[in-house]
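The values are calculated or read from the model by the stated rules, or taken from the named source; none is laboratory data. Bear in mind the structure is a predicted one, so any value in this text is a computation, not a measurement. Cβ placement follows ideal geometry from the backbone for every residue including glycine, while neighbour counts extend to all protein chains displayed. Accessible surface areas use protein heavy atoms only, side chains included; no ligands, DNA or RNA. Shrake-Rupley method; radii C 1.70, N 1.55, O 1.52, S 1.80 Å.
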Amino acid sequence: MQNSRIFPASPFAVLVMALIFLGCSSAPSSTDQSATSGGAKPASGGLLSKLTEKTIVLPEGTSMSVTVDQTLSSEQSHSGDSFDASVAEPVVIEGKTVIPKRAKVTGRVVEASASGRLQHPGSLTVALSSVEVEGKSYDISTDSVSRKGGSHKNRNLGIIGGSAAGGAIIGAIAGHGKGAAIGAAAGAGAGTAGAAITGKKDVSIPAETRITFHLKQAVSVTVKG
């Protein structure tokens, strides 16, 4: 029986096998390659954006001038109605524009009262409720601005008095004195009716009207630094 003999591997063969083993173990897997080359990237952009943002406080009393985008009136508007406006001048704090020109603003009708025929002229009161800066809306509280119609008194007295005088003249001509009193009474009645028909004193705020409000409370606004 012939004995089998095992020959020891040469140093060169051992070195080759070692290099092959090391090469296989160090090669990145397909999973590793896809994770490295794929779309997952460090979220450095969001962090950088946050680092460049700055919060600025608009103190109480800050002025805000706006242009009304629609016509408001004591006759047509109602308390609680909202309206649109836009910032007429940028709001600047310490050299930084916090609210830019043409920023969208929302206002509200605080009170609207239509005019009566012989008394109570129309009145309209408005305020601002929010402003939009860089896509974010901020609730704001401002003072209110009021408009009121003219007084009825002088105009109504003129209409009634003039009608009474005209009636007295006509009555005097027709009735020689007695008719004057009757004519005056009739004329006064007609004048009162005329005042009731034509004497409304409503007030309006036309579109494109510029109004300045003031903050009643401070508000913090985040802007890009």
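How about the range 73-104: which of its residues are in a strand (DSSP E or B), touching a residue at least 40 places away in the same chain (Cβ under 8 Å) and surrounded by 15 or more Cβ atoms within 10 Å (Cβ to Cβ)?
SER73, PHE83, ALA85, VAL87, VAL98, ILE99
Would you call THR67 touching a strand residue (DSSP E or B) at 6+ places or on another chain (Cβ under 8 Å), modelled with pLDDT of 95 or more, among the hydroxyl-bearing types (Ser, Thr, Tyr) and surrounded by 19 or more Cβ atoms within 10 Å (Cβ to Cβ)? Lay out the reasoning, then the answer.
Working: touching a strand residue (DSSP E or B) at 6+ places or on another chain (Cβ under 8 Å): yes; modelled with pLDDT of 95 or more: yes; among the hydroxyl-bearing types (Ser, Thr, Tyr): yes; surrounded by 19 or more Cβ atoms within 10 Å (Cβ to Cβ): no.
Here the answer is no, as THR67 does not meet what is asked.
Please specify each residue of the range 105-138 satisfying the condition of being surrounded by 15 or more Cβ atoms within 10 Å (Cβ to Cβ) and free of Cβ contacts under 8 Å to residues at least 24 places away in the same chain.
Of everything in the range 105-138, just one residue is surrounded by 15 or more Cβ atoms within 10 Å (Cβ to Cβ) and free of Cβ contacts under 8 Å to residues at least 24 places away in the same chain, namely THR125.
Failed condition for ILE56, given (1) open to solvent by less than 90 Å² (accessible area, probe 1.4 Å); (2) at pLDDT below 90, with all others met?
Only one criterion is unmet by ILE56, namely (2).
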